[in-house]
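Trainee: Take this structure, written in structure tokens, and hold onto it; I'll ask about it next.
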Amino acid sequence: MTVPEVLAELGDISRRTFYRWRELGLAPQCLKLPNGELRVRRDDFMAWLDDRMEDAA
């Protein structure tokens with residue numbers, strides 16, 4: 001998934017919020033492509049989201 005796709009899945013959070021989460025180690029695991037762009041594997045994203053749902057319960 002691209003960063004904009006992740007942001008949309010999370011209810012259109014800001015790009016700055018996502019990168020802040022990365023700085024704090026709170027974002028889903030990202031892959032950095034040779035061109036510098038980030039990608040998130042959908043299964044990593046879903047696992048990360050499930051963890052957040054469990055923490056909220």
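Trainee: Residue check: is P28 open to solvent by 100 Å² or more (accessible area, probe 1.4 Å) and assigned to a loop (DSSP other than H, G, I, E, B)?
Mentor: So P28 fails the test.
Trainee: Next up: Just to verify a result, which residue in segment 31-44, among those that are surrounded by fewer than 14 Cβ atoms within 10 Å (Cβ to Cβ) and among the hydrophobic types (A, V, I, L, M, F, W, C), is nearest to the chain's Cα centre (by Cα)?
Mentor: Among residues in segment 31-44 that are surrounded by fewer than 14 Cβ atoms within 10 Å (Cβ to Cβ) and among the hydrophobic types (A, V, I, L, M, F, W, C), the one nearest to the chain's Cα centre (by Cα) is L31.
Trainee: While we're here: If the Cβ limit is 6 Å and pairs must be 6+ apart or interchain, which residue in segment 29-55 that is at pLDDT 95 or above pairs with which residue that is surrounded by 13 or more Cβ atoms within 10 Å (Cβ to Cβ) and acidic (D, E)?
Mentor: Q29/D44
Trainee: Additional query: Which residue pairs have Cβ atoms under 7 Å apart, sit 6 or more places apart or on different chains, and have a first residue in segment 1-25 that is part of a helix (DSSP H, G or I) and a second that is charged (D, E, K, R)?
Mentor: V3/R15; L7/R15
The values are calculated or read from the model by the stated rules, or taken from the named source; none is laboratory data. Note that the structure is a prediction, hence the values are computed from the model and not measured. Backbone-built Cβ (ideal geometry, glycine too); neighbour counts: all protein chains shown. For the accessible areas, the whole protein counts, side chains as well, though only heavy atoms, and no ligand, DNA or RNA atoms are used. Shrake-Rupley method; radii C 1.70, N 1.55, O 1.52, S 1.80 Å.
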